[in-house]
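Written out below as structure tokens is the structure these notes cover.
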Amino acid sequence: MPKQPTKNQDLDRRKFIKAGVTIAGISAVPVLTSNTNIATNTNTPEIYNRVNNKSFPKGFLWGTATASYQVEGAVNEDGRGKSIWDTFSHIPGKIKNNENGDVACDMYHRYKEDIKLMKEMNTRSFRFSIAWPRIFPDGKGAPNLKGIDFYNRLTDELLANGIQPFATLYHWDLPQALHDKYNGWQSRETAHIFGEYAGYVANKLGDRVKHFFTMNEIRTFVELGYGNGQFAPGLKLDKKALYQVRHNAVLAHGLAVQAIRARTASGVKVGIAENLDVPVPIIETPENIKASQLAMREQNAGYLSVIMDGRYTDRFLSNAGANAPQFTGEDLKIISSPLDFVGLNIYMPSQYVEAANNPEGYRFIPFAKSQPRSTSEWQVLGPECLYWGPKNAQILWNAKEIYITENGCSGSDELTADGHVYDTDRITFMRNYLTQLQRATADNVPVKGYFYWSMMDNFEWASGYEIRFGLFYLNYKNLKRIPKASAAYFKTIALKNELV
Ligand code: GBH
């Protein structure tokens, strides 16, 4: 029998009122008791494990995400080494307005204040990344204890505030020393060194951090860093070398999975946060849905597909031809080391797709010129990707535990004279995308949590500080964090655990 919802709803309503979550409340984040105490019941089928048809499953984890170089600043403190992003961002012309991450949001010093804001937003989890060059300034060798200390303090502060830490071991800030010595990800050596670093950190934090991501978006740092030169280290390799970088990076992921398992107690979970290409069926017929699955495996062949399937698809290898990477069967075993969960960064449909009578079995439909977009040129908007991404990951890979590790949009985010940011576009974005995510959970797709990108505006890589993704507006002149209207929206969702 489905549980009777009335009691929980009343409870939520009372807390909701107490929380004072109104648009008026965005000028200062309202103080609230953030203990909603949503019980987790993993034995009950999810369909019964919700209060009403707008609810997310009980225990669904709401959170926000950031990455070290984008928020920390403090690049010369406590023995941190240089990363390829320090080098790259200081080369004139590489970053919009020649900005860099030297100060960023100064989260290195302000994490306590930020954790308070996370708590006030009712978020119960936080996804951050660890700066490899803080731990190993030269990439390997002697660890820098002051570096690990920072992440100890951060972790402890999160836990003290009832927020679960989700740690990413690589969000693109490769130690410069490894680039100089081994050409970074062009070498297998770097993959092995990454494994050692990952094992070391997991061993130090694993008594408190229960979820580790090996890497963030292998696709992005490979294609943009080594393929088209827009991201650090700014290389444009030929096809053959690029295929090898892809392979070395997925190999590094697998080696890290094994190292983390070897150096932590049971109960520590390991996964990845990959930007899944999500082909969306243009019309949801059974044929087109099948086509979207075929297309999804191929579009992710060098990344999540090889990680989950343990093989490169025939088409991937035949497209590569003589440029295919060198690899062994043993490599494939390492790359596909079993994961406890899969993290998906999803911002947009990769394509719309339909079934076709051709060898692939599908065909892509180009985006209309007038397809809605965010202020990021690359981001077309299509909320259904937040349904089809996890849904097809469940079908193709039998994923048992899925997190949306990033989702968000950039906006114009104007600060009004009275100190508000009325980002109605972001609220619309979230409502539409989360409607599709709720549809997935109602359909028994095992999505366990959602991390909004990002907690606050930050250093948006080659776009510098001009592009803003945050729930909090960053005033870069005085580093003040100002909640946008979307922060109040997200806070309400997190409190009620249902669509609003
Ligand atoms: C994520 O990437 C990152 O993990 C995160 O660090 C970042 O801040 C966030 O999204 C917002 O961008 O410039 O035309 O070559 C999202 C996937 C893939 C989107 C690369 C931008 C560059 C397109 N990104 N893409 S283009």
#### Entry: the range 65-99 residues near the modelled Ala142 label - backbone nitrogen below 19 Å, point 7 Å along Cα→Cβ
77-82
#### Entry: Over the range 359-461: Kirkwood hydrodynamic radius from C-alpha pairwise inverse distances, Å
15.7
### Query
Dipole size in debye (nearest 20) for the chain around its Cα centre, Lys and Arg Cβ +1, Asp and Glu Cβ -1?
1160
### Task
Find how many whole Å separate the alpha carbon centroid of the range 81-97 from the alpha carbon centroid of the range 326-357.
30
### Query
From the phi of every residue in the range 390-401, what ³J(HN,Hα) in whole Hz does the Karplus formula 6.51 cos²θ - 1.76 cosθ + 1.60 yield, where θ is phi - 60° and glycine or proline is x?
x, 4, 6, 5, 5, 6, 6, 10, 6, 4, 9, 8
### Message
What's the magnitude of the charge dipole for the range 341-500 around its Cα centre, counting Lys and Arg as +1 and Asp and Glu as -1 at the beta-carbon? Answer in Debye, nearest 20.
### Response
320
### Task
Please list, in chain and number order, the residues 5+ apart from Val353 or on another chain whose amide H is under 5 Å from its amide H, with Hs placed from the backbone.
Val280, Ile282, Ile365
### Query
So what's the gap between the Cα centers of the range 175-217 and the range 449-493, to the nearest angstrom?
28
### Task
Among Thr328, His90, Tyr403, pick out the residue whose Cα is farthest towards the positive end of the charge dipole of the chain, where Lys and Arg carry +1 and Asp and Glu carry -1 on C-beta, about the Cα centre.
Tyr403
### Query
For the range 138-260, what is the per residue volume of the convex hull drawn over the alpha-carbon atoms, in cubic angstrom?
99
## Note on the structure
Mean 1/r over distinct Cα pairs of the chain, inverted to a Kirkwood Rh in Å, yields 23.1
### Message
Sequence gap at least 6, Cα distance under 8 Å: using those rules, report the relative contact order of the range 106-237 to the nearest whole percent.
### Response
23
### Message
If DNA, RNA and ligands are ignored and the probe is 1.4 Å, what is the ranking of Glu274, Glu284 by accessible area, most exposed first?
### Response
Glu284, Glu274
## Note on the structure
Rg (one decimal) and Dmax (whole number) from the Cα set of the range 207-339, in Å, equal 16.2, 47
### Query
Say the dipole of the chain comes from +1 at the beta carbon of Lys and Arg and -1 at that of Asp and Glu; which of Ala167, Ala202, Asn53 then lies farthest toward its positive end?
Asn53
### Query
Any idea which of Leu437, Trp453, Ala487 is furthest toward the positive side of the dipole for the range 421-493, if Lys and Arg beta-carbons carry +1 and Asp and Glu beta-carbons -1?
Ala487
### Message
From the helices alone, meaning DSSP H stretches of at least four residues, give me the mean residue ellipticity at 222 nm for the chain, per-run term -39500 (n - 2.57), in deg cm²/dmol to the nearest 500.
### Response
-11500 deg cm²/dmol
### Task
Mind running the shape call on the range 151-192? Use the C-alpha gyration tensor, a ≥ b ≥ c as the square roots of the eigenvalues: rounded below 1.5 for a/c, prolate if a/b tops b/c, oblate otherwise.
prolate
### Query
Given a cut-off of under 8 Å on Cα pairs at least six residues apart, what relative contact order in percent is computed for the range 22-496?
18
### Summary
For the Asn319, Ile365 Cβ pair and Förster radius 30 Å, calculated FRET efficiency rounded to 0.05 is 0.90
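The values are calculated or read from the model by the stated rules, or taken from the named source; none is laboratory data. Keep in mind that what you see is a predicted model, and the values were worked out from it rather than measured. All Cβ positions, even for glycine, are placed from backbone atoms using ideal geometry, and neighbour counts span all protein chains on display. Each accessible area value is taken on the protein alone, full model and side chains, heavy atoms only, with ligands, DNA and RNA left out. Shrake-Rupley method; radii C 1.70, N 1.55, O 1.52, S 1.80 Å.
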